[in-house]
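Trainee: This is the structure I have questions about; it appears just below.
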Amino acid sequence: MLTTQTKDPLAKFGDFLFKLELFEVSELTLEYARRELNETPENIENGLRELRQLLKDDSQLKTPLESDSWLLGFLRLRNFDPESAYEKIKMYYQFRKRYENLAKTAMPSRLKHIFDMSLALPLPKRDQCERRIVLVRSGKYWDLKKVHKDDFFQAGGMCHELCAMEPASKIHGLVSICDMDGLTVEHALKLTLKYTKRNVESYQEGSSFRPCALHFVNEPSLFHACFKLARPFLNKEWSKCIHFHGNNMESLHKFISPECLPECYGGTMKLELNYGPQFYEVIKMFEEDFIRNYNYGYKK
């Protein structure tokens, strides 16, 4: 997503500071990009030129192709292969066209109540691999009387989309944690085949970020029965990225260092997960960007 912001937004809650790093890229991250993603001056120059031309030649697709930073984000996702980056952009916009009504109404102001309930949050610390961690809290945290499942889906997607704007997140990727504590039969009935398929597609096709892992924690046995609906839609690569930990936080720590996690997940951070209102102050700054992003893509 393209933004008109000119500085990194901040949110402070207690002793912690969340900074959306839109402009700062560490030398370690740039070195990782050179080593792992083939990011060299020559590949940047050639990749931008070739990808821009591919998009210009596609008369059905409207994109912000004048923006080097936007193009660079997709090149990073595909290790500077312009053809592969072009295919990823097409998948991204095909997903948004398929679910056009959801894309059209994805605005922070409309979903303020969900962010205020702290249902979708980025953690203030990156993990030990410099990946941004996004937390989605379902189960007992999801009040079915107040939050429609489509709005919940949108809020989680917007949180990921926002973090994906960081160059470091394009390079290192994102990690998602989904807390299913207290999931009931009433919640499970909302997880229909159609809804589950859309969630899988959002990660595999409709994401503008590199999804590195999805960790389920505190999930009851009921959820495993529900998840069987998703398995037919999972590709081989993404299947390897999904992990179930139940109440075993030591299992989670094999993938994410405790230093990057709050105490409720066996971590060392004395962080209360109630800073949704402060995070909303950050994401609402991008209201016009989310609206503008809807106007790109395939012809409506």
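The values are calculated or read from the model by the stated rules, or taken from the named source; none is laboratory data. Every value quoted in this text rests on a predicted model; they were computed, and no experiment measured them. Positions of Cβ are backbone-derived with ideal geometry, glycine not excepted, and every protein chain shown enters the neighbour counts. Areas reflect the complete protein model, heavy atoms only, side chains present, ligands, DNA and RNA absent. Shrake-Rupley method; radii C 1.70, N 1.55, O 1.52, S 1.80 Å.
Trainee: Return yes or no: is A230 over 25 Å from L102 (Cβ atoms), touching a residue at least 24 places away in the same chain (Cβ under 8 Å) and open to solvent by less than 20 Å² (accessible area, probe 1.4 Å)?
Mentor: So A230 fails the test.
Trainee: Right, something else. Among the residues of segment 259-293, which ones are open to solvent by 40 Å² or more (accessible area, probe 1.4 Å), part of a helix (DSSP H, G or I) and in contact with a helix residue (DSSP H, G or I) (Cβ under 8 Å, 6 or more places away or on another chain)?
Mentor: Residues satisfying the conditions are P277, K284.
Yes or no, residue by residue, for (1) open to solvent by 10 Å² or more (accessible area, probe 1.4 Å); (2) hydrophobic (A, V, I, L, M, F, W, C); (3) not in a helix (DSSP H, G or I):
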site	(1), (2), (3)
P124	yes, no, yes
F152	yes, yes, no
L162	no, yes, no
M165	yes, yes, yes
I177	no, yes, yes
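Trainee: Please specify each residue of segment 28-48 satisfying the condition of being among the β-branched types (V, I, T) and touching a helix residue (DSSP H, G or I) at 6+ places or on another chain (Cβ under 6 Å).
Mentor: T29
Trainee: Same structure, new question: Being of a type in the set (V, I, T) and modelled with pLDDT of 90 or more is the filter; apply it to segment 179-194 and report the residue that is nearest to L229 (Cα to Cα).
Mentor: The residue in question is V185.
Trainee: Let me ask something else. Which helices (runs of 4 or more DSSP H) sit wholly inside segment 40-100 and have at least 3 residues that are of a type outside the set (A, V, I, L, M), open to solvent by 40 Å² or more (accessible area, probe 1.4 Å) and more than 19 Å from A168 (Cβ to Cβ)?
Mentor: 41-56, 82-98
Trainee: Scan (1) under 15 Å from F223 (Cβ atoms); (2) crowded, with 19+ Cβ neighbours inside 10 Å for the single condition K140 breaks and write down its number.
Mentor: (2)
Trainee: Continuing with the same structure: Can you pull out every residue in segment 22-38 that is of a type in the set (F, W, Y) and either open to solvent by less than 50 Å² (accessible area, probe 1.4 Å) or outside any helix (DSSP H, G or I) (or both)?
Mentor: F23
Trainee: Sticking with this structure for a sec: If a residue must be over 17 Å from F255 (Cβ atoms) and crowded, with 16+ Cβ neighbours inside 10 Å, how many such residues does segment 206-221 contain?
Mentor: Count: 5.
Trainee: Quick check on this structure: which one of L55, L2 is in contact with a Ser or Thr (Cβ under 7 Å, 6 or more places away or on another chain) and either among the polar types (S, T, N, Q) or farther than 20 Å from C163 by Cβ (or both)?
Mentor: L55
Trainee: Give just the number: which of (1) open to solvent by 60 Å² or more (accessible area, probe 1.4 Å); (2) free of Cβ contacts under 8 Å to residues at least 24 places away in the same chain; (3) closer than 24 Å to G173 by Cβ does S251 not satisfy?
Mentor: S251 satisfies every listed condition except (1).
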